[in-house]
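K.L.:
Below are the C-alpha cells for one structure; questions will follow.
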Amino acid sequence: MWYTKRINLAYWAQKILMLSQDKIIKALVNSKTLEASEIKKIQAEAKTKKLSLEDYLLQEKVVSESKLYENLAKQAQLPFVDLKNSVIRKDILLAIPEPIAQTHNIIAFDRDDTSVDLATIDPDDLQTFEFLEKKFGKIKLHLTTPTSLKEVIKQYHKSLRAEFEALTHEESAAGEEGGAKLQELAQDIPIVRLVDTMLEYAIFERASDIHIEPTDDAVVVRYRIDGILRDVMTLPKNLQAGIVARVKILSSLKLDEHRLPQDGRFKIKTKDYEYSFRVSIIPVFNGEKVVMRLLQESGQILTLEQLGFSQKTLAIVKRNIVKPHGMILVTGPTGSGKTTTLYSIMHILNKPEVNISTIEDPIEYRMPRVNQSQVNPRIGFTFANGLRSLLRQDPDIMMVGEIRDSETAEIAVHSAMTGHLVLSTLHTNDAVGTLPRLSQMGIPSFLISSTVNIVIAQRLVRKLCNECKTAYHLSKTAAAELAEKINISQIWQSLIDAKAIKTSDKLEQVNFYHGAGCKQCGQQGYKGRMGIYEILEVTPEIAELILNNSPVERLQTKAIAQGMVPILVDGWQKALTGITSIEEVLRVTKE
C-alpha cells in the first residue's frame, strides 16, 4: 500500500483531503451514503441554521461521525482508524508531545522498527507532517474522528499524572533544597522530559521567548509568539524546583543560588535545526522566574524584500549601502527586528573583497566570512573598547550592535568619517528623532550631517493568516473613533500621494482585512511577522537643516516633502493590501 512508504509531500499536497464542503459532498455521493438531491436540501437547511455542512450532518444525526470520516478517508485514499477504545503504549503516545498533539490534532498510536503510525483529523496539515517525518523518518498517516482523537488525548493526562505523582508529594520547599537534592530533581526523567518538551514545542511554534513563572500554587509557562505572550501550560507547584534546576544545569549556572539573578546560555542542535537559548533567572516573590530567549543559529538570513521593505524604501537602502563610508542607523524599540535588518544588509555587503567586523551583545546569528565579537563588560570588553580594537583590524565595514553611550557614539562617528561604513542601532521612536539623540550624546551637528547616510525606523507587525483572512468595510462609528486617535486626513493624503488609493476613495469604501482565527494560526488570526518602516535619507537639504540645528518638526516636514513615507503610512499601505490589520499597525506604533 502507498501509505507504508515514505510520504512524498509535494505529491500528496495535490491529493490530500481538506474538509471543505465540496470534499464532504463528493465523499458522501461517491459512497452512495446520500443522493445529490438530498444534499442540496441539507445544504439549504444548514445555511438557514448558520451551520457548516459537517456540523449540520452530525448535529442532526444525518450520518454518524464514524461513517462520515470513513467516507472522507476513502475519498482521500487514506486508511481509517477508530481509536476510541484503544489504550496506547506510553512510549508511543509520548513520541509526540501533548501540546503538539492538541494544537495540530495528531497522535502517534503504533510503531514498528521502521515507521510510526499517526492518526489525524486534519490531513492537509503538511507542515506538521513534514516536521514529524523529519523526526521519525517514515510515517504512516491515518484518518480518525474528532471524538476518537479527543479520547486518546485524555491518556496524556493520565500518563503525566502517574509520572509526576512522586514529585507532587515532595515535602521540601524549593528554597530549602540542597545542591545534591536539586541535582537529583534536575536529572529525574519526568523533569527532563517535561523541559525537553517545553523547548521542542517552543521551537515548533516559532516562539521567540519562553517564560516560566512561579505563582502561589502553580508554575505558569508562557511563550512569546509573533511578539505576543500566550499561556501554554500550568504545572503543579511541586515541579518548580526541578524545572528551574534542570534549566540551571543546561545553562551551567549555580544550582544552590536562589537569591541573586543569574544569566547563562545553552544550545540545542539536531540534524534539522540549531538553536541557542539565552537564559535569565531572577528571584521573585514566589521563587525564581526563568526567561529563555530563542535564537536560531542555523536560520537563513532574510532578504530585505522578505522583511517587508517596499520598492521605494528598498531603492533608498540599496543606493546608500554601496557608499564606501558613513553611518547606517536602524532605530526602534526592543524586539522590533533592528538586528535582523542589519544582518540582512550585511548579507548583501558580504563579499570577498571587503573585511566586515562586528561587535555585538549577543551574537544572534553566525555569518560566514564575518568577524564577530561579543562584548563582555565583566572583563572590560565594552562596545567602545571593542570598536577601538576593530579599527586596528583593517575593516571596511563595521557593525556595532547598539550605540548606548557617548563614548561609543563618538568612536562610531569618527570611524564613519575616516573611511569606514558603520552599521548600528539606536533606541528612538522615529527616524528623525535619531538626530537630536546623537546631539544629546555630544556629537556635533557638523559631524552628524556629514556622516549619517540613512536612518531606518521600524516596527514589527503580525501578518494576517492567509487561511482565515477576510475583507470588511469600516462602519461610520469605527471610522469616527479612528479619526479621534489619528490624523486620518493627513494619512489619507499620504496614501493618495503614494498611489496606494485613488483620490475618489473614501475611508468607509475601501477594503480592510482581519483574521477570523483558524487551526493554521491557532485561532489568533495572525501568523508570522514583518516590518513596517520609515527611512530618513540625509540629502544635502536635510544635512543643511541638521547643521543649523533645526527643530525636529522642520526636519520631519522637509523629509516628507522629499519623499519619506512615515512609518504609520507604510503600515496603512500594508493594511490596505491585506498583509496586516489596522489594529495591529496602531498597536505597534502606539497611536
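K.L.:
Hey, does the range 527-541 have a residue that's modelled with pLDDT of 90 or more, assigned to a helix (DSSP H, G or I) and either in contact with a Lys or Arg (Cβ under 6 Å, 6 or more places away or on another chain) or surrounded by fewer than 20 Cβ atoms within 10 Å (Cβ to Cβ) (or both)?
P.N.:
There is at least one residue in the range 527-541 that is modelled with pLDDT of 90 or more, assigned to a helix (DSSP H, G or I) and either in contact with a Lys or Arg (Cβ under 6 Å, 6 or more places away or on another chain) or surrounded by fewer than 20 Cβ atoms within 10 Å (Cβ to Cβ) (or both).
K.L.:
I've got another one for you. Hey, among the residues in the range 365-395 that are assigned to a loop (DSSP other than H, G, I, E, B) and within 33 Å of the chain's Cα centre (by Cα), which one's surrounded by the most Cβ atoms within 10 Å (Cβ to Cβ)?
P.N.:
The extreme case among them is 375.
K.L.:
Enumerate the pairs (first residue in the range 492-518 and in a helix (DSSP H, G or I); second residue anywhere and open to solvent by 40 Å² or more (accessible area, probe 1.4 Å)) with beta-carbon separation below 6 Å, excluding pairs fewer than 6 apart on the same chain, so at least 6 apart or on different chains.
P.N.:
Taking only residues 6 or more apart or on different chains, the pairs are 496/503.
K.L.:
Can you work out which of the residues in the range 402-426 that are part of a loop (DSSP other than H, G, I, E, B) and either of a type in the set (D, E, K, R) or in contact with a strand residue (DSSP E or B) (Cβ under 7 Å, 6 or more places away or on another chain) (or both) is surrounded by the fewest Cβ atoms within 10 Å (Cβ to Cβ)?
P.N.:
405
K.L.:
If I filter the range 558-579 for residues that are exposed (fewer than 14 other Cβ atoms within 10 Å of the Cβ), at pLDDT 90 or above and of a type outside the set (S, T, N, Q), do I get at least one hit?
P.N.:
So far as the range 558-579 goes, yes, one or more of its residues are exposed (fewer than 14 other Cβ atoms within 10 Å of the Cβ), at pLDDT 90 or above and of a type outside the set (S, T, N, Q).
K.L.:
Say we look at the range 346-363 and pick out the residues that are of a type in the set (Val, Ile, Thr) and under 30 Å from residue 263 (Cα atoms); which of these is surrounded by the most Cβ atoms within 10 Å (Cβ to Cβ)?
P.N.:
Step by step, filter the range 346-363, then rank; the result is 359.
K.L.:
Now a separate question. Can you tell me which residue is nearest to residue 91 (Cα to Cα) among those in the range 102-120 that are without any contact (Cβ under 8 Å) to a residue 60 or more places away in the chain and in a loop (DSSP other than H, G, I, E, B)?
P.N.:
112
K.L.:
Given the structure, is residue 498 at pLDDT below 90 and either hydrophobic (A, V, I, L, M, F, W, C) or in contact with a Phe, Trp or Tyr (Cβ under 7 Å, 6 or more places away or on another chain) (or both)?
P.N.:
yes
K.L.:
Looking at (1) open to solvent by 30 Å² or more (accessible area, probe 1.4 Å); (2) in contact (Cβ under 8 Å) with a residue 60 or more places away in the chain; (3) part of a strand (DSSP E or B), find the lone condition where residue 212 falls short.
P.N.:
For residue 212, the exception is condition (1).
K.L.:
It is to be established whether one or more residues within the range 217-225 are modelled with pLDDT of 85 or more, open to solvent by 10 Å² or more (accessible area, probe 1.4 Å) and in a loop (DSSP other than H, G, I, E, B).
P.N.:
Yes, the range 217-225 contains a residue that is modelled with pLDDT of 85 or more, open to solvent by 10 Å² or more (accessible area, probe 1.4 Å) and in a loop (DSSP other than H, G, I, E, B).
K.L.:
Considering only the range 31-80, state which residues are open to solvent by 80 Å² or more (accessible area, probe 1.4 Å) and touching a residue at least 40 places away in the same chain (Cβ under 8 Å).
P.N.:
Within the range 31-80, 74, 77 qualify.
K.L.:
Picking from 27, 73, which residue would you name as being touching a Pro at 6+ places or on another chain (Cβ under 7 Å) and either modelled with pLDDT of 75 or more or farther than 25 Å from residue 116 by Cβ (or both)?
P.N.:
Being touching a Pro at 6+ places or on another chain (Cβ under 7 Å) and either modelled with pLDDT of 75 or more or farther than 25 Å from residue 116 by Cβ (or both) holds for just one of 27, 73, which is 73.
K.L.:
Assigned to a strand (DSSP E or B), modelled with pLDDT under 90, out of contact with any Ser or Thr (no Cβ under 6 Å at 6 or more places or on another chain) and over 18 Å from residue 203 (Cα atoms) - does that describe any residue in the range 234-246?
P.N.:
Yes: the range 234-246 contains one or more residues that are assigned to a strand (DSSP E or B), modelled with pLDDT under 90, out of contact with any Ser or Thr (no Cβ under 6 Å at 6 or more places or on another chain) and over 18 Å from residue 203 (Cα atoms).
K.L.:
Surrounded by 16 or more Cβ atoms within 10 Å (Cβ to Cβ), more than 31 Å from the chain's Cα centre (by Cα) and either part of a strand (DSSP E or B) or not polar (S, T, N, Q) (or both): does that describe residue 484?
P.N.:
No, not satisfied.
K.L.:
Here is a follow-up. I'd like the full set of residues that are free of Cβ contacts under 8 Å to residues at least 12 places away in the same chain and either surrounded by 16 or more Cβ atoms within 10 Å (Cβ to Cβ) or not in a helix (DSSP H, G or I) (or both), limited to the range 275-334.
P.N.:
Across the range 275-334, the qualifying residues are 285, 300, 314, 322.
K.L.:
Within the range 462-473, restricting attention to residues that are open to solvent by 20 Å² or more (accessible area, probe 1.4 Å) and at pLDDT 85 or above, which residue is nearest to residue 225 (Cα to Cα)?
P.N.:
Filtering first and then ranking leaves 462.
K.L.:
Condition (residue is touching a strand residue (DSSP E or B) at 6+ places or on another chain (Cβ under 9 Å), assigned to a loop (DSSP other than H, G, I, E, B), basic (Lys, Arg) and under 24 Å from residue 216 (Cβ atoms)) applied to the range 254-266: is it met by at least one residue?
P.N.:
Yes, the range 254-266 contains at least one residue that is touching a strand residue (DSSP E or B) at 6+ places or on another chain (Cβ under 9 Å), assigned to a loop (DSSP other than H, G, I, E, B), basic (Lys, Arg) and under 24 Å from residue 216 (Cβ atoms).
The values are calculated or read from the model by the stated rules, or taken from the named source; none is laboratory data. The structure presented is a predicted model; accordingly, all values stated were derived computationally and were not measured. FYI the Cβ positions are ideal-geometry reconstructions off the backbone, even for glycines, and counts take in every protein chain you see. Each accessible area value is taken on the protein alone, full model and side chains, heavy atoms only, with ligands, DNA and RNA left out. Shrake-Rupley method; radii C 1.70, N 1.55, O 1.52, S 1.80 Å.
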